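S.K.: My questions will all concern the structure given below.
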Amino acid sequence: LGIIAFRIMMILSVLRAYEKGTLNNSIRCNDIDFDNALQIVDRLEKHAKTVYEYLNGEPEKKKMAKMLHETGKSFGEISNIIYGDETHKSTVYRWITGKK
């Protein structure tokens, strides 16, 4: 994220210099561009964590699904318990069997 923040800062600085007509070999990042880039990266970090948690497969729900399966519950029943409907039955199946 540090490299991404640096790149965003430099892009914002170049755009600002271009807009002012002062585009030359030496461009400095001002405080506004710096702060804006950090705000963008902060939001990106939150989104990246959300995506990571989604790709990780919700470990708490996986653990609960495996425990429920060991008690004899079907994939549909487990889906109902975890998600409140049967639309995630195939997800529960993949979690338990490890098959794609």
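Yes/no per residue for (1) modelled with pLDDT under 95; (2) out of contact with any Cys (no Cβ under 6 Å at 6 or more places or on another chain); (3) more than 30 Å from residue 93 (Cα to Cα):
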{"residue": "11", "(1), (2), (3)": "no, yes, yes"}
{"residue": "24", "(1), (2), (3)": "yes, yes, yes"}
{"residue": "35", "(1), (2), (3)": "no, yes, yes"}
{"residue": "47", "(1), (2), (3)": "yes, yes, no"}
{"residue": "55", "(1), (2), (3)": "yes, yes, no"}
{"residue": "60", "(1), (2), (3)": "yes, yes, no"}
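S.K.: Provide a single number: the residues in the range 1-60 that are outside any helix (DSSP H, G or I), free of Cβ contacts under 8 Å to residues at least 40 places away in the same chain and open to solvent by less than 100 Å² (accessible area, probe 1.4 Å).
M.R.: Residues flagged as outside any helix (DSSP H, G or I), free of Cβ contacts under 8 Å to residues at least 40 places away in the same chain and open to solvent by less than 100 Å² (accessible area, probe 1.4 Å) within the range 1-60 amount to 10.
The values are calculated or read from the model by the stated rules, or taken from the named source; none is laboratory data. All values derive from a computational prediction rather than experimental measurement. Positions of Cβ are backbone-derived with ideal geometry, glycine not excepted, and every protein chain shown enters the neighbour counts. Each accessible area value is taken on the protein alone, full model and side chains, heavy atoms only, with ligands, DNA and RNA left out. Shrake-Rupley method; radii C 1.70, N 1.55, O 1.52, S 1.80 Å.
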